[in-house]
Amino acid sequence: MAVQDFTTRTAGSGSGSGSGSGEERTTPGALPRRVRTGHRLRALEPLLWLGPALVLILAVVIWPVVEMVRTSLMDISSTGLTRGFAGGANYADLFAEPDLPGVVLRTLVWVVGVVTVTLTVSLALAQLLNSRFPGRRMVRWALIVPWAASVLMTALTWRWMLNNFYGVVNRVLMDVGILDKPVNWLAHPAQAFAWMMAVAVFVSLPFTAFVILSGLGTIPAEVYEAARLDGAGTARTYLSVTLPLLRPSLLVAAIINVINVFNSFPVIWAMTRGGPGFATDTTTTYMYKLAFDNQAVGESAAMAVVNFALILLVVLVYLRVVRGREETG
Amino acid sequence: MSAVTARSTTAPSATVRRRRPLRLRTVLLTAVGWLTALIFLAPYLQMLLTALKPTPELMKSPPSYLPSQWEWSNFADVWSLKDPPVPDALLFSLYVAGMSTLLALAVGLPAAYYTARHRFRGRGAFLLLVLVTQMFAPTALLVGIYREMVSLDLTDTAEGLILVNAAFNLPFCIWILNAYFASIPKELEEAAFMDGAGRLGAMVRVTLPLALPGVVTALVYTFIGAWNEYVVALTITSSGDRTTLTKAIPGFVTAYQEQWQYLFATSLIAIVPVVVLFIFVERYLISGLTAGGIK
């Protein structure tokens, strides 16, 4: 069995034992010739097909990871010259930064706040998009716009809308009577940060809502039928049938959101540049400023390594979730 | 939802009792739905209204809701601007996004096809690598990417951006294409092969057309990702003729000029085409983005 499997694979069909026999019969002439050279070539064949992809991933995704870790351990001058090994000096510098505790705390608020609100609102949005009403398709299209549009451009619109003198947000709030004079929203760190979180939610909603919507689609109608026959009301059905069955989608959506929101750069960059000072920075924008504003490349790399370690942790959780699903389902 | 309820109510009396609340429900849903759409479109509507205002009106406080005069010429003006150079940036972005897409597909198609059709040593490791790197964003690796591009002398080049965009979108391409190839019965391809089409011929003429939704989704998603990419362009290119649209656009509002009307006219030129493209592939996207976690 094993031998036969091997021969069929060397013959180039290579796709397990099930279908090999048919081919053996139809291409008898090709078989012996290929077997002779096939032994060694066989091991290299996957490399032929996967090689370019591997090279691209290793050279452009993995190399920067290595380079980043290496840089974080090097002493690099502000002009980019490497002056030698620095040991943990860059990390020591980073952790001694007076702005760091605030930045880390804000990052925590940013990720937890944005992801929680995004998931909650997305649950409602998905429910809405899953119901039938005239124009549903148009609503779905409208929801796609912030997803497809450049986040930078979306954030720039919000910056303009929040402008002290010329922004439409102040105009509306004054017309409605909530404000009696314009507020300079983005000048005050706390207000600016709250608005940026709102914008981050705004751009995260479409993807999340569509993931949950697709999760809703996997719930069989019979389950609802059974709940109805058991006399469960709408709220009860949602809490004890829909939500538990949505757990997988919610989990995947939550993890992907955590990673995206953590890495979110354009929203903050376009609206406040993390300013005034470092007052609205997260670790991601802080990392950028360390390298490209302060020319402290080594320290920035140390920040990046810390960020990346956190992301890796989330990715590991993600792997467990996705892989676990593949094995059970 | 409502259809399920209607179908399940078999007794005529129940149908009569339910008809009125159902209609109210639909009206409410429609209202909420359309309001939601408006909220999501509002920032882009504001973009359009600002892009259509005459220059002096932009500095009116409090601002007007609608332009006093609809300056459609703003959309024509941006094509001749030099600072930032919109036409150059558009072409550059088009080139970078187009080439990134081609590279990602050229590299991703064979890998996805082979992993879907064959079992071999290292297959699991390869798919794991793809799954993990799909979660890596260039933003998180920015310092490393910058240092690499400096040492390869690829800063300020289209090639540097193309490599980064292709590589970081490649995992998604492989994942979604792999799923499509795996869903196409191998027997179809074998049949074509026996008819004398050859391995490659069978793949190109039979499998590829059937996997077309996957190919188009990978294509559109990579293109849009590269088209919208900002952080890497900001970091490894400096302003000049090698500027992507995303890098160029903030240049409308600096210490020296504030041209929000042009900024938003250009933004809309960049956004509208990709939204239309995106609408076509939306329903194929989710399974690829969640690594098949949700089907």
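Below, the figures for the structure above:
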item	result
Lysines whose Cα lies under 25 Å from that of residue A:181, excluding same-chain neighbours fewer than 8 positions away	B:53, B:60
Three semi-axes of the equivalent ellipsoid, chain A, Cα gyration tensor, whole Å, largest first	46, 36, 18
For A:121, A:297, order by how many other beta-carbon atoms lie within 10 Å, fewest first	A:121, A:297
Longest to shortest principal axis, alpha-carbon extents of chain B, angstrom	76, 70, 35
Cα centre as origin, Lys/Arg/Asp/Glu Cβ charges: the protein assembly as shown dipole, Debye	2340 debye
Among B:144, B:251, B:214: highest mean-square fluctuation, GNM of chain B, C-alpha pairs under 10 Å	B:144
Sites residue A:188 and residue B:257, calculated FRET efficiency, Cβ-Cβ separation with R0 35 Å, nearest 0.05	0.85
q = 0.08, 0.09, 0.11 Å⁻¹: log10 I(q)/I(0) that the Debye formula gives for the protein assembly as shown, counting C-alpha atoms only	-0.67, -0.83, -1.17
Alpha carbon centroid spacing (whole Å) that separates the range A:283-307 from the range A:41-91	17 Å
Proportion of all alpha-carbon pairs of the range B:88-220 beyond 19 Å (%)	57 percent
Per-q log10 I(q)/I(0), the range B:216-295, q = 0.13, 0.21, 0.26 Å⁻¹ (Debye; single scatterer per alpha-carbon; no solvent)	-0.54, -1.00, -1.21
Selected from B:281, B:96, B:253 as most flexible by GNM, with chain B as the system and alpha-carbon contacts under 10 Å	B:253
Per DSSP, loop chymotrypsin sites (Phe, Trp or Tyr not before Pro) in the range B:232-265 with at most 11 further Cβ within 10 Å	B:256
Equivalent ellipsoid, the range A:107-254 (semi-axes from 5 times Cα gyration tensor eigenvalues, Å)	36, 16, 15
Computed log₁₀ I(q)/I(0) - Debye formula, equal Cα scatterers, no solvent, the range B:149-295, q 0.13, 0.16 Å⁻¹	-0.76, -0.96
Equivalent ellipsoid dimensions for the range A:236-329 as semi-axes, Å, which come from the Cα gyration tensor, largest first	36, 17, 7
Approximate spin-label separation residue B:39-residue A:164, in nm, with each point projected 7 Å along Cα-to-Cβ	3.0 nm
Of B:119, B:147, B:25, the one that fluctuates the most in a GNM where chain B has Cα springs shorter than 10 Å	B:25
Approximate spin-label separation residue A:69-residue A:92, in nm, with each point projected 7 Å along Cα-to-Cβ	2.2 nm
Rounded Å value of the spacing that divides the Cα centres of the range A:175-211 and the range A:219-280	20 Å
Percentage relative contact order, chain A, counting C-alpha pairs under 8 Å, at least six apart	23 percent
Projected label distance in nm at residue B:95 and residue A:295, using a 7 Å step from Cα toward the beta-carbon	3.1 nm
Residue order, fewest to most surrounding Cβ atoms within 10 angstrom, among B:26, A:242	B:26, A:242
For the range A:280-319, average projected area of the Cα convex hull in nm²	3.0 nm²
Exposed-site-free run, longest, chain A (rule: trypsin sites (Lys or Arg not before Pro); DSSP loop; at most 16 other C-beta within 10 Å)	A:133-272
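We did not get these values from a lab; they are worked out from the coordinates using the rules stated. Just so we're clear, the structure is a prediction, and the values are computed from it rather than from any experiment. We place every Cβ from the backbone using ideal geometry, glycine too, and count neighbours over all the protein chains shown.
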